[in-house]
1. Looking only at segment 428-441, count every residue that is surrounded by fewer than 19 Cβ atoms within 10 Å (Cβ to Cβ) and on the phi < 0 side of the Ramachandran plot and tell me the total.
2. Taking segment 130-165 as the region of interest, how many residues are more than 27 Å from the chain's Cα centre (by Cα) and either within 24 Å of SER99 (Cβ to Cβ) or charged (D, E, K, R) (or both)?
3. Quick check on ALA268: is it crowded, with 23+ Cβ neighbours inside 10 Å, touching an Asp or Glu at 6+ places or on another chain (Cβ under 9 Å) and over 28 Å from ARG339 (Cα atoms)?
4. Sort out which residues of segment 280-320 are over 20 Å from TRP452 (Cα atoms), buried (at least 17 other Cβ atoms within 10 Å of the Cβ) and at pLDDT below 95, and write them in order of number.
5. Give the residues of segment 336-388 that are at pLDDT below 95 and touching a Pro at 6+ places or on another chain (Cβ under 9 Å), sorted by residue number.
6. In the same structural domain as LEU77 (by TED's automatic domain parsing) and either part of a loop (DSSP other than H, G, I, E, B) or in contact with a Leu (Cβ under 7 Å, 6 or more places away or on another chain) (or both): is that true of GLY145 in this structure?
7. Please verify whether segment 389-396 includes one or more residues that are touching an Asp or Glu at 6+ places or on another chain (Cβ under 9 Å), within 23 Å of GLY284 (Cβ to Cβ) and either modelled with pLDDT under 95 or aliphatic (A, V, I, L, M) (or both).
8. Does VAL446 meet the test of being more than 22 Å from MET355 (Cβ to Cβ), loosely packed, with under 13 Cβ neighbours inside 10 Å and not small (Gly, Ala, Ser)?
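The values are calculated or read from the model by the stated rules, or taken from the named source; none is laboratory data. What you are looking at is a predicted structure, and each value in this text was computed from that prediction instead of being measured. Glycine gets a Cβ as well: all are built from the backbone with ideal geometry, and neighbour counts include every protein chain shown.
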Amino acid sequence: MIHSLFTKRKILPVLLFLAFTLSGTVFASAQTTQLGAAESVLEQIAEHLSVLEFEKAIALFDTIPNPERNVSSLRLLEASVLSSAGRHADARRIVEAISSAEPENIEALFVLATIEEVSGRQRQQQAALDRIIRINPNNSQALIGLGNIALQARALRPAASHFHRVLTNEPENVEALIGLSRAFRMNREWEQAEILLNRAVELYPNMLEGRTDRARFYWGRGLLVQALVDMDEAKRIAPRDYWIAIDRGNLLLEMGRRRQALDEFLRAVEINPREHLAYIFTAGLKDEFGDHDGAASHYAILARLRPDYYFGLEGLGLHQMRVGNWAEARDTFMEVYRRAPEEHLYALLAAINWMRAEDITAPRAFLQQVLPRVQRDTLEWHMFRLYIDLTARNFSGESNMVVRLDRERNEELRARMLFYMALYYDVRGNADLANRYFLMVNEMSVRSIPEWRLNEWILAERGLKL
């Protein structure tokens, strides 16, 4: 598996859903609290929230006249929107004021618990939920929240106890069924976990979480076909869910169905072209299937969307070398090296492209700056020395390097150094020796190294490999 099955979903904070729920409470109480003036404003707020215009929604609250402005349920809605906008401290102040004045307002405590959750303050979240349980010992949502907190801490017995309490009163509560199944799964009680997941799916066949949780369970047990059935259903339920496409693509990769996986990752790109993750897969798979221009395009997009993810820049640089854009490749690998200064071979690739863009003497000062950062007397260090000598047109170190390569027993390191030896001869203009070393890299078949793809492209371009 390239990534875990269920990448953490990038969804709006739970508070956004809660905000709409609370707005329903406000509307329901309009007749008794005479919030007629607020109702039209709340409709405008809902419109702004639907397109994620949080600040515009927040500004509208100040247009509601008193006394409607200070109704608790409306203030809780405002706190929910503030927290959805990332203004957790402002939201917390509102809720704590309400909770102080109305200590048994369970709705306020739920909003507070959710604010603490999205703020990453789990201890405070648990304290708010515990307060709810003291007011109402059988409150299902609070028990489920406490159960989920216990699951995160791998406190499986307390977690199971919370979910059991919910199911005693509400045997068809799907959140409790799924939560308890997770506790069983984490405790390797596979049969019990499957029974609960099957029950959740049977009761709620169109609920996404039941399908994805059961797919996770089947995948973890190696039952990939069954996992795909549930992922297919998840896709049917949520056809525009980016993360379902990512998860399903990963599952297809695990099954060896790589072309179908590519189609699924491309579907993810179509759903959300601004999210970077799918491009990691599409770029690599496009390369695998020979769509090198398409791969280069997706590496470029990946590098633009996530400049801190230097593997995207690496892929872009390799493709720039593939088509002979030496100056661009030099600049790209310079940037990769800047982002990953411990990976010295990126500096060597930058220098090699520099030699081709200008002449073999051009990167001499740069290579001399890099050399002290490379561990002395390693194979890498001697390769850098060889290239520094090349910039001075001194070829005396070749035989020493060949001997060191023959003695190297680490296959990955040897394959990489053979590739740089091939490039050394190529830059010098000795195509016959360069080709010999390119073929040696191919014969080693160490496909995990980043240089492997470039080596294969070079061989194909020169007609040296079917």
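1. Residues in segment 428-441 being surrounded by fewer than 19 Cβ atoms within 10 Å (Cβ to Cβ) and on the phi < 0 side of the Ramachandran plot: 9 in total.
2. Summing the residues that are more than 27 Å from the chain's Cα centre (by Cα) and either within 24 Å of SER99 (Cβ to Cβ) or charged (D, E, K, R) (or both) in segment 130-165 gives 17.
3. Spelling it out, it is not the case that ALA268 is crowded, with 23+ Cβ neighbours inside 10 Å, touching an Asp or Glu at 6+ places or on another chain (Cβ under 9 Å) and over 28 Å from ARG339 (Cα atoms).
4. ALA303, ARG306
5. ARG339
6. For GLY145, the condition - in the same structural domain as LEU77 (by TED's automatic domain parsing) and either part of a loop (DSSP other than H, G, I, E, B) or in contact with a Leu (Cβ under 7 Å, 6 or more places away or on another chain) (or both) - is not met.
7. no
8. The answer is no for VAL446.
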